[in-house]
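Structure, as structure tokens:
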Amino acid sequence: MHPRRQILNILADGRFHSGEELGDALGVSRMAVWKHIHALRESGVAMEVIRGKGYRFPSSVELLDADAIHAATQPETRRQLAGIETLFEVDSTNNRLRQQALDGAPSGRVCLAEMQSAGRGRRHRNWVSPFASNLYLSLLWRTECGIAGLGGMSLVCGVAVLRCLEQFGILSGGLKWPNDVLVDGAKLAGILIDVTGESTGSCAVVVGVGINVDMPEQASGRIGQPWTDLCTLAGRETFPRNLLAARTLDCLLGAIDEFRQSGLQGFLDDWCRYDVMAGRQVDVHLPDRTVSGRACGIDETGALLVETTGGQRRFASGEVSVRAAS
């Protein structure tokens, strides 16, 4: 195990540990410990350093553990998994799996990271990804249905994430087309789908899920919209991230299997139940114009339906904002 990972494991209890104690545990000098600590702090790991006491995290954390995640998944999920990778840091879990897919990685491969240096949201927006605070998870799924047969995939995964969160008592979540999970207008989670392959043949789908678990206040200033996290919603100081990862995989793979068999049709009722835009006035922002009207749900392909002054319009893509009630 890398020395920095060993240090993280020791500090995860939230208590002070001296440089001498860490050095003895790692079999290195106190100076070597200091260099590893310095490197961790430079990479963005929040850490208290007090002379005479040592080092500690501001609070206890549950580090990601591939074995614990695998063991907590349902038997059917485990049969579909082709390996779980947990990393300290990566540019983007989606980027990593996408490259592995191009290199021939099998369906069911999973990548998680404690932090991302270039996490992505839709339209290449930055996804704020501080250390050990949230869940950054990507899943590779290979299919023969072709890119043309993946319409509504992000909607399916959004429903899957809400099904997962309901198991933890988060019952007030909703979905904003096409891929945002909101609670009372604040963003809790997002889905990013990356697809490579043929229009009507083999393709590789990377499903990325980001869930705010315990967002530190110092990171929140970089988020350009209202947000919330699971600790706030559940009234807890900590949240079981490994169990959350396992349940997310259970729900994602279950939903993907349902989608593979029956398409989007089986998710329409759930989508309507979760839809936070239905009946509200919205603006659909397109590259060359903005279309305004009343959101009327989605059609059987997952396109957004909007009633405008010129009649009902459907949108397969676009950025949507909800107008404030007047």
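Values as computed for the structure displayed
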quantity: Elements of type strands (runs of 3 or more DSSP E) contained in the stretch 227-326, each with 3 or more residues being loosely packed, with under 14 Cβ neighbours inside 10 Å; calculated: 311-315
quantity: Subset tally (residues that are in contact with a strand residue (DSSP E or B) (Cβ under 8 Å, 6 or more places away or on another chain) and at pLDDT below 90) for the stretch 56-72; calculated: 2
quantity: Residues of the stretch 82-109 satisfying the condition of being within 18 Å of the chain's Cα centre (by Cα) and either of a type in the set (A, V, I, L, M) or within 30 Å of Glu237 (Cα to Cα) (or both); calculated: Ile84, Glu85, Thr86, Leu87, Phe88, Glu89, Val90, Asp91, Ser92, Thr93, Asn94, Leu97
quantity: Qualifying positions in the stretch 271-300 - farther than 16 Å from Ala316 by Cβ and without any contact (Cβ under 8 Å) to a residue 12 or more places away in the chain; calculated: Arg273, Thr290
quantity: Residue that is farthest from Val306 (Cα to Cα), among those in the stretch 163-179 that are touching a Gly at 6+ places or on another chain (Cβ under 7 Å) and modelled with pLDDT of 95 or more; calculated: Leu165
quantity: The stretch 1-47: number of residues that are of a type outside the set (Val, Ile, Thr), more than 24 Å from Thr86 (Cα to Cα) and open to solvent by less than 60 Å² (accessible area, probe 1.4 Å); calculated: 6
quantity: Unique match (being farther than 25 Å from Cys231 by Cβ and touching a Cys at 6+ places or on another chain (Cβ under 9 Å)) among Leu22, Leu87, Leu26, Leu97; calculated: Leu97
quantity: Inter-residue pairs, beta-carbon under 7 Å, first farther than 30 Å from Pro58 by Cα and in the stretch 234-256, second among the hydroxyl-bearing types (Ser, Thr, Tyr) and open to solvent by less than 10 Å² (accessible area, probe 1.4 Å), 6+ apart; calculated: Asp250/Thr73; Asp250/Thr77; Leu253/Thr77
quantity: Members of the stretch 54-73 that are closer than 16 Å to Leu112 by Cα and among the small types (Gly, Ala, Ser); calculated: Ala66, Ala68, Ala71, Ala72
quantity: Qualifying positions in the stretch 198-211 - open to solvent by 10 Å² or more (accessible area, probe 1.4 Å) and either hydroxyl-bearing (Ser, Thr, Tyr) or within 19 Å of Ala316 (Cβ to Cβ) (or both); calculated: Ser199, Thr200, Ser202
quantity: Residue match in the stretch 57-64 (condition: farther than 16 Å from Ser133 by Cα and open to solvent by less than 70 Å² (accessible area, probe 1.4 Å)); calculated: no
quantity: Leading residue by the ranking (farthest from Lys176 (Cα to Cα)) among those in the stretch 212-226 that are assigned to a helix (DSSP H, G or I) and open to solvent by less than 40 Å² (accessible area, probe 1.4 Å); calculated: Ala219
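The values are calculated or read from the model by the stated rules, or taken from the named source; none is laboratory data. For clarity, every value in this text was computed on a predicted model and none was experimentally measured. Cβ atoms come from the backbone with ideal geometry, glycine included; neighbour counts cover every protein chain shown. Surface areas here come from the heavy atoms of the whole protein model, side chains and all, with no ligands, DNA or RNA. Shrake-Rupley method; radii C 1.70, N 1.55, O 1.52, S 1.80 Å.
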